[in-house]
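J.: This is the structure I have questions about; it appears just below.
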Amino acid sequence: MFRTALLRSARQAVRAAPRWQAPIARPVARSSLFQAKQITPSAFQAVRCYSASAGLSKEQVEGRIMDLLKNFDKVTDVSKLNGESHFHNDLGLDSLDTVEVVMAIEEEFSIEIPDKEADAIHSVKQAVDYILAQPDAH
Amino acid sequence: MSHEMALAAYRNLLRSASIAFRGDMRMLSAARLEARKNFENNRGLASGSEEYTKQITHAQEVAKFLRENVVQGQAIDAEGRYRLNIHEHTERGDNEDIKKGKGNTLAGTKCCSS
């Protein structure tokens, strides 16, 4: 009698104890290079799931690179920003800005681009193609 | 010495800054602004000139120093204890290194000349 009561209360205590919840998604860390002008709340952008092992789609990569450029204050004419934009000719970025953009892309996709390849990226399309060719990019 | 070398130096400097000041947005953005400012100041230098070479070497040295010899600490309690952000690139020597004072590291360098 006493034992069952003790067990019951113990079980209740266990149930009441806060369980540690395994995080299934973590919020996207905003790029540290470019501060977002405004953060658009969107259910799909607010979380990033790591469960899927499938590679990135072209649209996803392009979207993330364009978002990044949208938040880069040196891009003067956002209307010229599209999947084909050239960093210098269309967006008016100089070579130092381009280095910063490529570094922000590295940070966004958690990869490191070697100098030689980084120097060859001059447009949104080239960046997208490079990321798509990287199995480690996510 | 070409245009690419300046860009490589700039990239290296930015990378070093993000290693040295990881997690410290204020220092990180200040370091990036400072790097940018110095590169902008030297924008007019003729590619290949002596001053150009000197400035690039300087940038690479700053990058190396930031990466290997700057360690940030964060106070973790009121007793003045700090947690140091020692990372894989931090230069760590042992006592022998200090005696030898190898040329390419800061080990064995005296902090003041007097």
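The values are calculated or read from the model by the stated rules, or taken from the named source; none is laboratory data. Since the structure is predicted, the reported quantities are computational estimates derived from the model, not experimental observations. With ideal geometry, Cβ positions are generated from the backbone for all residues, glycine too; neighbour counts draw on all protein chains shown.
J.: Collect the residues in segment A:86-111 that are in a loop (DSSP other than H, G, I, E, B) and crowded, with 22+ Cβ neighbours inside 10 Å, keeping them in residue-number order.
T.: Across segment A:86-111, the qualifying residues are A:87, A:91, A:93.
J.: Quick check: is even one residue across segment A:118-129 within 13 Å of chain B (Cβ to nearest Cβ) and of a type outside the set (A, V, I, L, M, F, W, C)?
T.: yes
Here is a yes/no grid of residues against (1) under 25 Å from residue B:16 (Cβ atoms); (2) modelled with pLDDT of 90 or more; (3) surrounded by fewer than 10 Cβ atoms within 10 Å (Cβ to Cβ):
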site	(1), (2), (3)
B:83	yes, yes, no
B:90	yes, yes, no
B:93	yes, no, no
B:99	no, no, no
B:103	yes, no, yes
B:111	yes, no, yes
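J.: Please state which of the following conditions residue A:131 fails to meet, knowing it meets all the rest: (1) surrounded by fewer than 19 Cβ atoms within 10 Å (Cβ to Cβ); (2) part of a helix (DSSP H, G or I).
T.: The failed condition is (1).
J.: Of the residues that make up segment B:15-34, is at least one part of a helix (DSSP H, G or I), among the hydroxyl-bearing types (Ser, Thr, Tyr), in contact (Cβ under 8 Å) with a residue 40 or more places away in the chain and over 20 Å from residue A:94 (Cβ atoms)?
T.: Scanning segment B:15-34, I find at least one residue that is part of a helix (DSSP H, G or I), among the hydroxyl-bearing types (Ser, Thr, Tyr), in contact (Cβ under 8 Å) with a residue 40 or more places away in the chain and over 20 Å from residue A:94 (Cβ atoms), so the answer is yes.
J.: May I pose another question? Quickly run through segment B:35-58 and pick out the residues that are surrounded by 14 or more Cβ atoms within 10 Å (Cβ to Cβ), outside any helix (DSSP H, G or I) and out of contact with any Asp or Glu (no Cβ under 6 Å at 6 or more places or on another chain).
T.: Listed by number, the list holds a single entry, B:42.
J.: Taking residue A:102 and the conditions (1) within 14 Å of chain B (Cβ to nearest Cβ); (2) without any contact (Cβ under 8 Å) to a residue 24 or more places away in the chain; (3) among the hydrophobic types (A, V, I, L, M, F, W, C), which numbered condition does it fall short on, given that it satisfies the others?
T.: (2)
J.: Next question, about the same structure. Can you tell me which residues in segment A:54-69 are modelled with pLDDT of 90 or more and surrounded by 14 or more Cβ atoms within 10 Å (Cβ to Cβ)?
T.: A:61, A:62, A:63, A:64, A:65, A:66, A:67, A:68, A:69
J.: Which count do you get for residues in segment B:1-14 that are outside any helix (DSSP H, G or I) and under 14 Å from the mean Cα position of the chain (by Cα)?
T.: The number of residues fulfilling the criteria is 0.
J.: Something else now. Which of the following residues is within 10 Å of another protein chain (Cβ to nearest Cβ), among the basic types (Lys, Arg) and within 13 Å of the chain's Cα centre (by Cα): B:36, B:32, B:22?
T.: Of B:36, B:32, B:22, the one residue that is within 10 Å of another protein chain (Cβ to nearest Cβ), among the basic types (Lys, Arg) and within 13 Å of the chain's Cα centre (by Cα) is B:32.
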